[in-house]
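The values are calculated or read from the model by the stated rules, or taken from the named source; none is laboratory data. Quantities reported herein were computed from a predicted structural model and do not represent experimental measurements. All Cβ positions, even for glycine, are placed from backbone atoms using ideal geometry, and neighbour counts span all protein chains on display. Areas reflect the complete protein model, heavy atoms only, side chains present, ligands, DNA and RNA absent. Shrake-Rupley method; radii C 1.70, N 1.55, O 1.52, S 1.80 Å.
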Amino acid sequence: MSQHPALAAFHPAVAAWFARSFPAPTEAQIAAWPAIASGRDTLVAAPTGSGKTLTAFLTAIDALVREGLSFGLPDTTLVLYVSPLKALSNDIHVNLEAPLAGIRGELAAQGLPDIDIRTAVRTGDTPQAERAALRKRPPHILVTTPESLYVLLGSESGRAMLAGVRTVIVDEIHALVQNKRGSHLALSLERLDALTGKRATRVGLSATQKPIEEVGRFLVGMDAADPEIVDIGHARERDLALELPPVPLEA
């Protein structure tokens, strides 16, 4: 199976899964993957349907796969995904759970050790039993909301879970820039950096906005260097057709 050149930077199991699952990377993915992989703060601005969420997740998963194969993964949260939307289930299944299952299959097919990358969703609706399980065995990738992140940072168990975070993905960042939830999240991200003792790489995912540079400044904060901005713009291909019924409309 031939693979797109942009996949060459990924582990063979990760690249093989992507090549089997999609015809080719999107424009946003081709442009953003090198920037994210370099460890630089990156803002990806692209229309809905351009694969932004998978863009960020795949680079994070690739790093976890490589670390797991080389050293094993620690029992701590390494990737934090924050979204203002509570209805995360379908998005997370498509962009996180399905890729992880497919990549584990590719690892097995290539005769490589299995890597169990644990994930969890923590929102205000998460049952107490699930919250207790997270405290006992933290996920490697934690999916949460700005409000739940604030709560976690205020609890001893939550701070212990988040102390090893290396990458923060902020989705739908355009919905946060101009409101109180965004100000709240900006403070939480600074608290997270203070907790970890080392600034986590920040990846922002946004609908196209103007000026996009202001969204980038919001992502990184006032004291950080400007992020890499991948701005795909508003243009999208349209498939327009006129369809008529084969017989005249009748009562």
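Brief remarks follow.
- For the chain, adding -39500 (n - 2.57) for each run of n ≥ 4 DSSP H residues and dividing by the number of residues yields -12500 deg cm²/dmol at 222 nm.
- Applied to the stretch 130-137, the Karplus parametrisation 6.51 cos²θ - 1.76 cosθ + 1.60 on θ = phi - 60° returns per-residue 3J(HN,Hα) values of 5, 5, 5, 5, 5, 5, 6, 9 Hz, with x for Gly and Pro.
- The chain: proportion of alpha-carbon pairs further apart than 33 angstrom, %: 21 percent
- For the stretch 197-213, 3J(HN,Hα) per residue [Karplus equation, 6.51 cos²θ - 1.76 cosθ + 1.60, θ = phi - 60°, Hz, x = Gly/Pro]: x, 8, 5, 6, 5, 10, 10, x, 10, 9, 5, 5, 9, 9, x, 5, 4
- Heavy-atom SASA rank of F22, F71, F10 (probe 1.4 Å, accessible area, largest first): F71, F22, F10
- The local environment of V203, defined by Cβ-Cβ distances under 12 Å, has a net charge of +1 under the rule Lys, Arg +1 and Asp, Glu -1.
- Pairs of Lys residues in the chain that lie 8 or more places apart, or on two chains, and have C-alpha atoms under 30 angstrom apart add up to 11.
- With DNA, RNA and ligands ignored, accessible area of T76 (1.4 Å probe; Å², nearest 10): 30 Å²
- Taking packing as the residue-averaged number of other Cβ atoms within 10 angstrom, the listed peptides 129-142, 166-179, 95-108 run from highest to lowest as 166-179, 95-108, 129-142.
- Rounded to the nearest Hz, the phi-derived 3J(HN,Hα) couplings of the stretch 165-170 under the Karplus curve 6.51 cos²θ - 1.76 cosθ + 1.60 (θ = phi - 60°) are 4, 10, 10, 10, 10, 10, where x marks glycine and proline.
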